[in-house]
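Any read-out appearing in this document is the output of simple, stated calculations on the displayed coordinates, not a laboratory observation. Please read these numbers as outputs of a predicted model, since none were measured by experiment.
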Amino acid sequence: MCHSLGGDAAHLSAPCSGNIQGLARAEPGAGPGWGGERGRAGNEAEPGAGPGREGERGRAAPPRSALGPARPAMAAAFTALRVLLGLFFFLTGALKLSDWLSADLHRHMASEFVRFAKVFPLKELGFVPEPGRYLVAVGWLEVTAGLLLAFGPQLLQEISNFILSVIMIGAIYTLLALQEPLAMCAPATLSLGLLLLLNIRGYPAAPRPKFE
């Protein structure tokens, strides 16, 4: 009887061990079926996700080393140009107002404004300024606008730039009306060009709204 019981136990344990071994063999196969597919999906998704996000960020934002040093240098150059140009107009206006800096230059300008008044742009409308007042008016405009251009806030800098540009256009018109050589127009033309350069590139752009 014991022998038969042992045989029956052996027969019962054989299917169990076979099932356990089958499961053991099935587990490595389940990985590719479930976890393997997930692993492959994750491995395929990760390379695509990285360039999709970080690649776009890299293209949208240029490296700071390429643009960073250039902008402060350009801003410093325009600031120096604006200050020097403003001081230049301040000095030319002071020469028109007083002979303290140079008596000879003041007398020369006073005599030139006698000629300038004869071809004043509004002469056709019947307005001819008195040469002395014309000289003083232009002198005060240049002194005030020159100081504001050099050291004033940005709004007043832009207004001063416009006023000085109008004065330079009037100076070029006056010299051409008097049939002066073109070389005489060079200082006014150069000054006008620098003023226009400052007006176009010399002031920081207004910040854009965040939703843009």
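Suppose the chain between V83 and I200 were pulled fully straight at 0.36 nm per residue; how much longer would it get relative to their current alpha carbon spacing?
The span from V83 to I200 would gain 40.5 nm if fully extended.
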Starting from 0.36 nm per residue, how many nanometres of slack lie between E112 and E180 once their C-alpha separation is accounted for?
23.3 nm
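Give me the number: length gained by fully extending L105 to R133, i.e. 0.36 nm times residue separation minus the C-alpha to C-alpha distance, one decimal in nm.
Numbers: separation 28, 0.36 × 28 = 10.08 nm, distance 1.73 nm.
Net length gain for the segment: 8.4 nm.
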Checking the a/c ratio against 1.5 first, then a/b against b/c, what shape does the Cα gyration tensor give for the range 73-201?
prolate
